[in-house]
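The structure under discussion appears below in the form of structure tokens.
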Amino acid sequence: MIIILKSGATEEQIQHVIERVESHGMSAHLSRGTHRTIIGVVGEKSQLQPARFQAIAGVADVILVMPSYKLASLDAHPEPSIVDVGGVKIGGGNLAMIAGPCAIESAERMDAIAKSVRASGANILRGGAFKPRTSPYAYQGMGEEGLKILRETGDRHGMPVVTEVMDPRRVEMVEHYTDMIQIGARNMQNFVLLTEVGSTKKPVLLKRGMSATVVDLLMSAEYILSQGNPNVVLCERGVKSFDPATRNLFDVAAVPLCKGLSHLPIIVDPSHATGRPDLIPPCALAGVAAGADGVHIEVHNCPEDAMSDGPQALLPEQYEKLAAQIRDLAALFGKTIGYARKKS
Ligand code: PEP
Ligand code: MN
């Protein structure tokens, strides 16, 4: 950490900063320039709390040299992490093709959608049983009954499953049925929930909050990692923008940006990022070309009947076409798409 003093900082103020640094068990290295004086601070990472020093009179700025997301950072783990989701690997050259409806609606519908996306090449099945809806009057999901349907459908078609948890009190239940726990965009900074899923060993799909920076996303991943769960996959799903033409703004640059900062796999979700079936295929391909470790897409066999996110759902035949293009692109980039075995 580097503390930059104001140009008019007095000798007394400089000495006070040094005393404060030393009182936290760290060492201070003073360097006086012609215009500015700086203090280099070396010591235990947990004591390096910039706000504490920023508040001292005479201090102009405090700069962290090491990122605060120490477990998520490349410094901690220079090789890309590979997360195993029920036998399907994500990251380190392994591409996830996650597909399924926004919400689990019935066993029959789930089966039909799973069958079609699996035949098209998807390797992980998604579906929400607990839906985070803006309106309390909107469809909230099937709850535990939906989780059972998801589990059975995934097993029948040889697909590990991912589903969202919103409530820390339901983590145990969701963990029981799923291969991967999704933390939705609206809960990216629900720190109690992050701590709870961090204390499981289940892979976590951590979606970027709609107003969160990439560093915010990595700090949220840090909550999970610091609890002892190393199985975190990041997901870029669009951020708020001023333009209502798309549901969110797909931040494709976040993919290589995260890769330059963190060893964690990152996938893209062009469905929620754009909200438009015509934009999903090009954005999915752009995500893979940008280095994403997976593509997460909502598919429904009758979007007009869908209980949530119907307008952005791809039809099975649209997904089939896109999946073939994703596979071609994956081959071009030397990525592997693995499949789980069917459970008997
Ligand atoms: C979803 O995956 O259905 C969902 C609600 O996503 P997000 O949290 O990204 O909005
Ligand atoms: Mn959705």
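The values are calculated or read from the model by the stated rules, or taken from the named source; none is laboratory data. Everything numeric here is computed off the predicted structure, so don't read it as measured data. Glycine also receives a Cβ, built like all others from the backbone with ideal geometry; neighbour counts cover every protein chain displayed. Calculation scope for accessible area: heavy atoms of the full protein, side chains included, ligands and nucleic acids excluded. Shrake-Rupley method; radii C 1.70, N 1.55, O 1.52, S 1.80 Å.
Would you mention how many residues in segment 59-75 are of a type outside the set (Val, Ile, Thr) and out of contact with any helix residue (DSSP H, G or I) (no Cβ under 8 Å at 6 or more places or on another chain)? Before the answer, list the steps.
At the first step, the residues of segment 59-75 found to be of a type outside the set (Val, Ile, Thr) are 60-61, 64, 66-75.
Adding the requirement that they be out of contact with any helix residue (DSSP H, G or I) (no Cβ under 8 Å at 6 or more places or on another chain) leaves 60, 75.
Total meeting the criteria: 2.
Val197 - would you say it is within 16 Å of ligand 1 (Cβ to nearest atom), open to solvent by less than 20 Å² (accessible area, probe 1.4 Å) and in the same structural domain as Ile98 (by TED's automatic domain parsing)?
Working: within 16 Å of ligand 1 (Cβ to nearest atom): yes; open to solvent by less than 20 Å² (accessible area, probe 1.4 Å): yes; in the same structural domain as Ile98 (by TED's automatic domain parsing): yes.
Spelling it out, Val197 is indeed within 16 Å of ligand 1 (Cβ to nearest atom), open to solvent by less than 20 Å² (accessible area, probe 1.4 Å) and in the same structural domain as Ile98 (by TED's automatic domain parsing).
Quick check on my filter: what residues within segment 210-247 are crowded, with 21+ Cβ neighbours inside 10 Å, closer than 13 Å to Ala273 by Cα and touching a strand residue (DSSP E or B) at 6+ places or on another chain (Cβ under 7 Å)?
Cys235, Glu236, Arg237, Gly238
Among the residues of segment 98-106, is there at least one that is away from ligand 1 (no atom under 12 Å from the Cβ), assigned to a loop (DSSP other than H, G, I, E, B) and either in the same structural domain as Ile326 (by TED's automatic domain parsing) or under 25 Å from Val232 (Cβ atoms) (or both)? So that I can check it myself, show each step before the final result.
Narrowing segment 98-106 to residues away from ligand 1 (no atom under 12 Å from the Cβ): 105-106.
Now narrow it down to the ones that are assigned to a loop (DSSP other than H, G, I, E, B): 105-106.
This time we only want the ones that are either in the same structural domain as Ile326 (by TED's automatic domain parsing) or under 25 Å from Val232 (Cβ atoms) (or both), so: 105-106.
So far as segment 98-106 goes, yes, one or more of its residues are away from ligand 1 (no atom under 12 Å from the Cβ), assigned to a loop (DSSP other than H, G, I, E, B) and either in the same structural domain as Ile326 (by TED's automatic domain parsing) or under 25 Å from Val232 (Cβ atoms) (or both).
Exactly one condition in (1) within 16 Å of ligand 1 (Cβ to nearest atom); (2) farther than 22 Å from Glu79 by Cβ is false for Glu236; which is it?
Going through (1) within 16 Å of ligand 1 (Cβ to nearest atom); (2) farther than 22 Å from Glu79 by Cβ one by one, Glu236 breaks only (2).
Any residue at all in segment 296-310 that's among the aliphatic types (A, V, I, L, M) and away from ligand 1 (no atom under 16 Å from the Cβ)?
Within segment 296-310, none of the residues are among the aliphatic types (A, V, I, L, M) and away from ligand 1 (no atom under 16 Å from the Cβ).
Sort through Ala286, Ala340, Ala306, Ala324 and tell me the only one that's assigned by TED's automatic domain parsing to the domain that holds Gly93, under 24 Å from the mean Cα position of the chain (by Cα) and hydrophobic (A, V, I, L, M, F, W, C). Don't jump to the end; show me each part of the working.
Values: Ala340 fails: assigned by TED's automatic domain parsing to the domain that holds Gly93; Ala306 fails: under 24 Å from the mean Cα position of the chain (by Cα); Ala324 fails: under 24 Å from the mean Cα position of the chain (by Cα).
Only one candidate passes the filter, namely Ala286.
Of the residues that make up segment 141-157, is at least one polar (S, T, N, Q), in the same structural domain as Arg186 (by TED's automatic domain parsing), buried (at least 18 other Cβ atoms within 10 Å of the Cβ) and within 16 Å of ligand 2 (Cβ to nearest atom)?
So the first thing to find is which residues in segment 141-157 are polar (S, T, N, Q), and the list is 153.
Cutting the leftovers down to in the same structural domain as Arg186 (by TED's automatic domain parsing) gives us 153.
If we keep only those that are buried (at least 18 other Cβ atoms within 10 Å of the Cβ) too, we end up with 153.
Right, trim to within 16 Å of ligand 2 (Cβ to nearest atom) and you get none.
Within segment 141-157, none of the residues are polar (S, T, N, Q), in the same structural domain as Arg186 (by TED's automatic domain parsing), buried (at least 18 other Cβ atoms within 10 Å of the Cβ) and within 16 Å of ligand 2 (Cβ to nearest atom).
Enumerate the helices (runs of 4 or more DSSP H) found wholly within segment 114-218, keeping only those where 3 or more residues are of a type in the set (Val, Ile, Thr).
Working: elements: 144-157, 171-177, 191-198.
The helices (runs of 4 or more DSSP H) meeting that bar are 191-198.
Conditions tested, residue by residue: (1) in contact with a helix residue (DSSP H, G or I) (Cβ under 7 Å, 6 or more places away or on another chain); (2) open to solvent by 50 Å² or more (accessible area, probe 1.4 Å); (3) not assigned by TED's automatic domain parsing to the domain that holds Glu236.
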residue	(1), (2), (3)
Thr37	yes, no, yes
Val41	yes, no, yes
Pro50	no, no, yes
Ala57	yes, yes, yes
His77	no, yes, yes
Asn94	no, no, no
Glu108	no, yes, no
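Considering Gly260, Gly287, which residue is open to solvent by less than 20 Å² (accessible area, probe 1.4 Å) and either more than 28 Å from Pro230 (Cβ to Cβ) or away from ligand 2 (no atom under 11 Å from the Cβ) (or both)?
Details: Gly260 fails: open to solvent by less than 20 Å² (accessible area, probe 1.4 Å).
The match here is Gly287.
Among the candidates Pro160, Pro203, Pro168, which residue alone is surrounded by 18 or more Cβ atoms within 10 Å (Cβ to Cβ), of a type outside the set (A, V, I, L, M) and either outside the structural domain of Leu147 (by TED's automatic domain parsing) or more than 16 Å from Gly100 (Cβ to Cβ) (or both)? Don't jump to the end; show me each part of the working.
Numbers: Pro160 fails: either outside the structural domain of Leu147 (by TED's automatic domain parsing) or more than 16 Å from Gly100 (Cβ to Cβ) (or both); Pro168 fails: surrounded by 18 or more Cβ atoms within 10 Å (Cβ to Cβ).
Matching residue, one of Pro160, Pro203, Pro168: Pro203.
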